[in-house]
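Structure record follows, encoded as structure tokens.
The values are calculated or read from the model by the stated rules, or taken from the named source; none is laboratory data. Everything numeric in this text was worked out from a predicted model, so none of it was measured. We place every Cβ from the backbone using ideal geometry, glycine too, and count neighbours over all the protein chains shown. Areas reflect the complete protein model, heavy atoms only, side chains present, ligands, DNA and RNA absent. Shrake-Rupley method; radii C 1.70, N 1.55, O 1.52, S 1.80 Å.
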Amino acid sequence: MSRPLRLRLTLWYVGAFSAVLLLFSAGIYFFVQNILRDRLDANLRLTLQMTTLALSHPNLSMSSLGAGGQVGQSPVAEALESPRFPSQLVAVVGADGRVLARKPVSSTLHFRLPAHPLRALPSPQFYELAESSSEADDSCRGVYQLTSGGSGIPLTVIVTDSMEPLNDQLDALENVLTIAIVLALLLTGSGGWLLARHSLSPLAAMASAAERITANNLGTRLLVGPGDELGRLASRFNDLLSRLSASFSQQRQFMADASHELRTPLSVVRTAAQVALQKPQRPDSEYREALTVIEQQTGRLSRIVEDLFALTRADMNQLPLEIGELYLDEIITETTGAFDLVAQLKDVHIKSHELRETPYRGDERLLRQMISNLLDNATKFTPPGGTVDIRLVQTGGDYEITVSDTGCGIPEELQPRVFERFFRADTARVGANGFGGAGLGLAIARSIAELHKGRLTLQHSGPEGSTFCIYLPAPRVTA
């Protein structure tokens, strides 16, 4: 089960802030630790230098050596009387490892020597000892150095200080940082939750509104807020709803028009059959007449169904294309010749200008159907004595095929709809000579042009006639 977006945003926000806060706190902790340690080391080094300087006094000479060649207590002790840091413990160790003097004599700080103090070097050497037991607070840090003193006898000076004050300060800092981190995370989590809730509330409102939108109320729109990302999302969603609403309207109109177009020939077929069957016996001529009507209407039904199937496959990009080498001028000449007989019966003259050889790559069958649909449309709505003119020229990188007629034209307010399916202008619903159509020819022609990466447009339409233009991309000529 996925977590809510609000919770995920809060967790990401708190996690990122926690990482930054922990890194920052760790940096502060180690920075303060280094400063305190450097200060402690500086104090230890200062005391070591002062003690070494005191032991090099001329009064501390060979005459101060006691029996056995050892340094006496009094001269060494006097050398340690200079001011020192009160928390430090200073000791002088002889060559045999015996403590010759220490200051202060009595101290709460346990005097703990490093592991090998007799191997001291002339340069200062630091050491650090942890607590000897869980109950003893005797952790310390010290420094020792080998010196000859005024007597010329090797002496080891050891200066040590307790680590407890430093550890206490670091523990206090750690507690402060821990409390600060906990409080900061609580405030960050609460603030992040409220911020995510406030920021995502428009999204929740949009989701609730979207759940109430169905196919029956596609006119409902989401409330568009400020011009931020959520506002743009609502605006784009409303645009999507507008396109869906238009698509649903077109689909409903398409179904209504298709039902109307299919109902008319079916009604004619049914009526012809019923009339023929009303009497037990009829003359053969009446039966032949009824069968002729049925044959005409079933042919019309077949054409409508085939056109609808072709448009559906074109919408789904499943209309098969058999691309091959061809010549557009030959297709236009052959298609025009096929329409000459129909045009002559209607007393319409089809005129094709001299066509230049025009090589092209495309689907010959579909291109013939596209030009046939335009010629059929032009011939159908051109009155007797009129002319249909077809031209083929190359303009720039396109082949331009124009089909012009001298028909009644299309009203200006209806021209944007001429490529809609089942659309027929009222003034030309049945044509000049009573020939009707389903209103699918131009829609199919445009789909074929688009399948060939071209376009079909209505260039002009008026009382003097209409002109349709097909633009097909010309093949590139390679050197």
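For K346, the lysines whose Cα comes closer than 19 Å to its Cα, not counting residues fewer than 8 places off in the same chain, are K380.
Close amide H partners of T382, meaning residues 5 or more places away or on another chain with modelled amide H under 5 Å apart, are A432.
The share of alpha-carbon pairs in the stretch 180-233 lying farther apart than 13 Å comes to 68%.
Quick one: if the Förster radius is 51 Å, what FRET efficiency do S267 and I323 give, using the C-beta to C-beta distance and rounding to 0.05? That pair, S267 with I323, gives E of 0.75. In the distance distribution for the stretch 298-429, Cα-Cα pairs more than 25 Å apart total 35 percent. Close amide H contacts of V388 (hydrogens built in the peptide plane, cut-off under 5 Å, sequence separation of 5 or more or a different chain): H349, I350, K351. Over all distinct Cα-Cα pairs of the stretch 246-346, the Kirkwood formula returns a hydrodynamic radius of 17.6 Å. Remark on Q394: its backbone amide H falls under 5 Å from those of E400, a criterion applied only to residues 5 or more positions apart or on other chains, H modelled at 1.01 Å from N.
Put simply, the Cα atoms of the stretch 332-377 extend 35, 22, 13 Å along their principal axes, the longest span coming first. Taking θ as phi - 60° and the Karplus parameters 6.51, -1.76 and 1.60, the scalar couplings of the stretch 281-289 work out to 10, 9, x, 4, 4, 5, 4, 4, 5 Hz in sequence order, x denoting glycine and proline.
Size descriptors for the stretch 205-251: radius of gyration and Dmax over Cα atoms are 11.0, 34 Å. Scalar couplings 3J(HN,Hα) for the stretch 138-145, obtained by applying the Karplus form with A = 6.51, B = -1.76, C = 1.60 to θ = phi - 60°, are 10, 5, 8, 9, x, 9, 9, 8 Hz; x denotes Gly and Pro.
Put D376, D329 in order of accessible area, highest first, and with a 1.4 Å probe you get D376, D329. Between A19 and R243, the C-beta separation translates, for a Förster distance of 45 Å, into a calculated FRET efficiency of about 0.50.
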